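S.K.: Quick one: structure below, then a few questions.
The values are calculated or read from the model by the stated rules, or taken from the named source; none is laboratory data. What you see is a predicted model, and the numbers here were worked out from it, not measured in a lab. A quick note on method: Cβ atoms are made from the backbone with ideal geometry, for glycine too, and the neighbour counts reach across all protein chains shown. When the accessible area is computed, the model is the full protein with side chains, heavy atoms only, and any ligands, DNA or RNA have been set aside. Shrake-Rupley method; radii C 1.70, N 1.55, O 1.52, S 1.80 Å.
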Amino acid sequence: MRRGAGPARSAVDAGMTAPSARPRPASVLSVLFAGVLMAALDIAVVGPALPALQDGFGIGDRALSWVFSIYILFNVAGAPLIAKWSDRYGRRPLFVASVGLFAAGSALVAAAPTFDVLLVGRAVQAFGAGGVFPVASAVVAETFPMERRGRALGLIGAVFGLAFLLGPLLGGLILPLGWRWLFLINLPIAAAVIVAAVRLLPVRPAHRAGRFDAGGALLLCVVLLGAAWGVNRLDAGRLPAALLAPDVWPGLLAAGIAAILLVLVERRASDPILPPALWRSVPLRAVGGIAVAAGLVEAGMVFLPELAVGAFDVEPASASLMMLPLVLTLIAGAPAAGYLLDRIGPRTVIQAGLVLTGAGLATFHVQPLGIGTFYTAGALVGLGLAALLGAPLRYVVLRESGESRRGAGQGLLTLFLSAGQLVGSAAIGAVAGSTAHASAGYASALLSLAGACVVVLPLTFLIEPRANGAELPARDEAHPGS
């Protein structure tokens, strides 16, 4: 960290710039909210288009699944890289670049003459989308003072519940015009977000601590893509034999070798992609463990409609509507969790989130499962996830990472969340498939996720309970050689 920039950095941490250049926090938040919503909506909107894509390109179900699989692969890779680059080159350029990549990918998908080109477009989309939320979180830290940061993060966190609610509706309205319009509609929205970002997002000093860690970036991509590929193709119901499948073990082996090399490279890099100093922080380790559990739960929510279909013998469309209590409490709970962060601190909020989530997941296992019980369980899980996936974990990471590594910290958090999601999606399917009745299998799988919440609950006592106050020193000052 450059010593001569101390006073200026203090002003940055306090969310201040020169009076003539100071951005309005509400304007900044609106730009970030729009960008995150655009990226989050894409996953929910694509679902209604899948039958049209299958008919249009004449592909089977296995090939169709790659519309989502390739998005997951490159989204996971994009988050830590773009977040770290925002530390190095500045938040505004990387936020604009992320939105621009998402728009370019959308245009490529909409114009795709073949299914292979469509998948390339989805990869570009996903890489850009991966950087939007982590960079937006870092911008919040540099715009809002500590005592208001939780509320701002909470409002952005509510985007994901809103996207889940609006995505299928918008998809149904636009799809009659043709599936390509589901992606073309992103272009004017992205253009508006880019123009607003250039005008309104604050310009902050970039941190050029040393030579760019190209080796670390390449190895990180190999780790993430290899692990995501292997887990995504894994038949968890046939372990351990499934690990030897020809489309599984090469990816996992490549990820393991690259992970060992990554640790060695990062210890020597002057500006590492994953700074070792972050790994030495006890609160950040605790947050990592909690984030894995939150990712597991998030993956489990994808299977709730399947549970409803099996338990209540309803149509898939009706089962999706039964998710409304969960979604609505998630939307309402995220801003409330952000407000409580600023009042009582992150430890209590995260503890409440784990308890509510665990209680809701366990309620799904109550027999016989009635509709009222299903709705109650969904509402509890929604409130709990609002205190985990939105502001609280990101709040802690922002405070613990230090100013010059906020982006890297957010990228690392996204990695932990993604790890939980990838493992959860494979494990839940295996547990559900091991029982005679699908509904009982899904209920058992959700109960195991409740156990994960209990297991990580003690980690919350490693998190600083303060609501606000002075931000912790930058990690590069504490460990200048890292």
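S.K.: Which order do R199, R347 take when ranked by solvent-accessible area (1.4 Å probe, heavy atoms of all protein chains), largest first?
M.R.: Putting R199, R347 in descending order of accessible area: R199, R347.
S.K.: Once both axes come from the Cα atoms, what is the angle between helix 249-268 and the longest principal axis of the chain, in degrees from 0 to 90, rounded to 10?
M.R.: 10 degrees
S.K.: Taking the Cα centre of the chain as the origin, how large is its charge dipole in debye, to the nearest 20, when only Lys and Arg (+1) and Asp and Glu (-1) carry charge on their Cβ atoms? Present the calculation step by step, with values, prior to reporting the outcome.
M.R.: Values: 33 positive and 24 negative charges, 345 e Å.
Here the size comes out at about 1660 debye.
S.K.: If you count, for each residue, the other Cβ atoms within 10 Å and average over each peptide, how do 25-31, 156-162 line up from highest to lowest? Write down the numbers at each step before the final one.
M.R.: On the way: 25-31: 17.7, 156-162: 24.4.
Packing proxy ranking, top to bottom: 156-162, 25-31.
S.K.: Given a 1.4 Å probe, how much area per residue of the chain is accessible, in Å²?
M.R.: Result: 40 Å² per residue.
S.K.: With a 1.4 Å probe and every protein chain kept in, tell me what percent of the accessible surface of the chain is carbon plus sulfur. It would help to have the intermediate numbers written out before the result.
M.R.: On the way: 13390 of 19330 Å².
For the chain, the apolar C and S fraction of the accessible surface comes to 69 percent.
S.K.: Consider the candidate values (i) 36; (ii) 11; (iii) 7; state which one is percent of Cα pairs over 45 Å apart computed from the structure displayed.
M.R.: Evaluating percent of Cα pairs over 45 Å apart on these atoms matches (iii).
S.K.: Something else now. Normalised by the number of residues in the chain, what is the relative contact order in percent for Cα pairs under 8 Å and 6+ residues apart?
M.R.: Relative contact order, the chain: 22 percent.
S.K.: Taking the alpha-carbon centroid of each part, what is the distance from the range 74-136 to the range 324-361 in angstrom?
M.R.: Centre-to-centre (Cα) distance: 29 Å.
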